[in-house]
Amino acid sequence: MFEIRVRSSFAAAHRLNNHRDKCCRLHGHTWEVEAVVAGRELNDTGMLIDFSVLKHELREVVGVFDHSFLNELAPFSGGHPGNNPTAENLARHIFSELKARLSEYRPPATLVSVTVWESPGAAVTYREE
């Protein structure tokens, strides 16, 4: 089994709805995102998936967040806890979008997890069960 990891980053602001601490106020982060894919079969060049291809797909997914106010974007508007722009909800959303993009590649590279850091010391990982 092979595992490949790539990272990307974006800068964005958010405020956490229903939060009882300072994070309820507008603030920003330089978010780091890591995607991990796995698979057993290599393509005709001996790769699971080219690093540049995976980086491109991840950049395409997270690029819509760059220099934005996350609360105003469709995945995070509406006020429901599932729409709150937390690191957890970001990781789940990025996972879903990236998984759909990777489904087109052959041989298949299965998306294992997406990790989102909102600071160097705080991260969340999302993976499907």
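In percent, what relative contact order does the stretch 2-126 have, based on Cα pairs under 8 Å that are 6 or more apart in sequence? Provide the component values of the computation, followed by the final result.
Working: 224 pairs, mean separation 39.2, N = 125.
It comes to 31 percent, rounded to a whole number.
Let me spell out the model: positive unit charges on the Cβ of Lys and Arg, negative unit charges on the Cβ of Asp and Glu, origin at the Cα centre of the chain. What dipole size does that give, in debye rounded to 20?
Numbers: 14 positive and 17 negative charges, 72 e Å.
Once rounded to the nearest 20, the dipole reads 340 debye.
Work out, step by step, the length gained on full extension between residue 11 and residue 41: first 0.36 nm times the residue separation, then minus their alpha carbon distance; give nm to one decimal. Write out the running numbers ahead of the final one.
Details: separation 30, 0.36 × 30 = 10.80 nm, distance 3.52 nm.
Length difference between fully extended and current span is 7.3 nm.
Would you compute, from DSSP H runs of 4+ residues alone, the mean residue ellipticity of the chain at 222 nm, taking -39500 (n - 2.57) per run and dividing by the full residue count, rounded to the nearest 500? Write out the running numbers ahead of the final one.
On the way: 2 runs with 29 residues, N = 129.
Roughly -7500 deg cm²/dmol at 222 nm, from the helical runs in the chain.
Hey, what did the stretch 1-58 get for relative contact order, percent, Cα under 8 Å, at least 6 apart? Can you show the working numbers first?
On the way: 77 pairs, mean separation 24.5, N = 58.
After rounding, I find 42 percent.
With unit charges on the beta carbon (Lys/Arg positive, Asp/Glu negative), name the residue among 38, 111, 9 whose Cα is farthest towards the positive pole of the charge dipole of the stretch 2-126.
So the residue furthest toward the plus end is 9.
Which one, 23, 102, 80, is farthest towards the positive end of the dipole of the chain when Lys and Arg carry +1 and Asp and Glu -1 on their Cβ?
Of the options given, the answer is 23.
Translational diffusion coefficient of the chain at 37 °C, 0.692 mPa s, Stokes-Einstein with Kirkwood Rh over Cα pairs, in µm²/s as a whole number.
On the way: Rh = 15.3 Å.
Result for D is 215 µm²/s.
What's the exposure ranking of 67, 29, 14, going from fewest to most Cβ atoms within 10 Å? Walk me through the numbers on the way to the answer.
Numbers: 67 10, 29 18, 14 25.
The fewest-first ordering by Cβ neighbours comes to 67, 29, 14.
Normalised by the residues of the stretch 68-129, what does the relative contact order come to in percent, with Cα pairs under 8 Å and at least six apart? The partial results should precede the final answer.
On the way: 66 pairs, mean separation 17.2, N = 62.
This gives 28 percent for the stretch 68-129.
Laboratory data are not the source of any read-out in this text; all were calculated from the coordinates shown. Quick caveat: nothing in here was measured; it's all calculated off a predicted structure. Virtual Cβ from ideal backbone geometry, glycine too; neighbours counted across all protein chains shown.
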